[in-house]
Amino acid sequence: MGRRLLIAGNWKMNGMRAELAEIDAIAAAVARGEEGPGELLVSPPATLLSAVRDRLPNEVRVAAQTCHHNAKGAHTGDLSAEMLREAGAEYVILGHSERRSDHRESDDHVRACAQAAIRADLQPIICVGESEAERDAKETLTVLGRQLDGSVPDEATPEALVIAYEPIWAIGTGKTPTADDVAEVHGFLRNRLALRFGHAFASRVRILYGGSVKPSNAAEFFAVDDVDGALIGGASLKAEDFLAIARLARER
């Protein structure tokens, strides 16, 4: 398949300069060759982007947590994709359920931000996920299909696109879907991409699982054929836990 697992840590609105010690621990582990076979990525708050990039070796990627769709302008408090790229970001997380909920981000908005990311040479990590009510109503695939279709821009390329499936009901709750549930969803997402862009395209896109991923359950998800890594929240804040998950990644 040729898809290297991506182990992505999303710090969300956590992290002061004191927490850079965790970044130093990740850098030290990579220098010792202890990170495992996957590609590592850390997404700190924007205030720490440059400091994190400076502390990590080049093979560890750095991501921003969102971006504005315009390159510049009168948008107080926002950051453009170009600004984030200059600050050291190589990826950007877009459409996370917390952004969709807290900031009312629509699929159209996420797609515009993804277009901005591509324009600025950032790789978008586009998140999709269903609520517990949607899951209980058996609308999971309908919701995910709509989000995927609306959020992924036409100009996306397989090498510069990551999809992250994060069931909203599993984020920070300790609840997780079964491996079979994840296999069904990831297979659906890959097939949906294939219908739009072709099988060759879809076979090269990495699809991550996110939602209460931790060292005790990561291996089960990594064993699923269409799971190409993880988007990790709370467990990424401690280098020990993040690296423990990374070491569970398997060669593809």
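The values are calculated or read from the model by the stated rules, or taken from the named source; none is laboratory data. The model shown is predicted, which means the values in this text are computed figures rather than measured ones. So basically every Cβ, Gly included, is an ideal-geometry build from the backbone, and we count neighbours across all protein chains shown.
Has segment 5-17 got at least one residue that is at pLDDT 95 or above, polar (S, T, N, Q) and assigned to a strand (DSSP E or B)?
Yes, the conditions are met somewhere in segment 5-17.
Among the candidates 62, 30, single out the residue that is within 24 Å of residue 160 (Cβ to Cβ), modelled with pLDDT of 95 or more and touching a Phe, Trp or Tyr at 6+ places or on another chain (Cβ under 8 Å).
Matching residue, one of 62, 30: 62.
Filter segment 190-220 down to residues that are among the β-branched types (Val, Ile, Thr) and part of a loop (DSSP other than H, G, I, E, B) and give me whichever is nearest to residue 166 (Cα to Cα).
213
Please indicate, with yes or no, whether at least one residue in segment 43-58 is in contact with a helix residue (DSSP H, G or I) (Cβ under 9 Å, 6 or more places away or on another chain), closer than 20 Å to residue 211 by Cβ and part of a helix (DSSP H, G or I).
no
So which pairs qualify, if the first residue must be in segment 72-84 and closer than 15 Å to residue 113 by Cα and in contact (Cβ under 8 Å) with a residue 24 or more places away in the chain, the second must be small (Gly, Ala, Ser) and part of a strand (DSSP E or B), the Cβ gap must be under 6 Å, and the two must be at least 6 apart or on different chains?
Listed by first residue and then by second, the contacts come to 84/64.
Restricting the search to segment 47-71, which residues are crowded, with 18+ Cβ neighbours inside 10 Å, among the aliphatic types (A, V, I, L, M) and within 30 Å of residue 104 (Cα to Cα)?
48, 49, 52, 62, 63, 64
For segment 102-122, does any single residue satisfy the condition of being in a helix (DSSP H, G or I), touching a residue at least 40 places away in the same chain (Cβ under 8 Å) and among the acidic types (Asp, Glu)?
Within segment 102-122, one or more residues are in a helix (DSSP H, G or I), touching a residue at least 40 places away in the same chain (Cβ under 8 Å) and among the acidic types (Asp, Glu).
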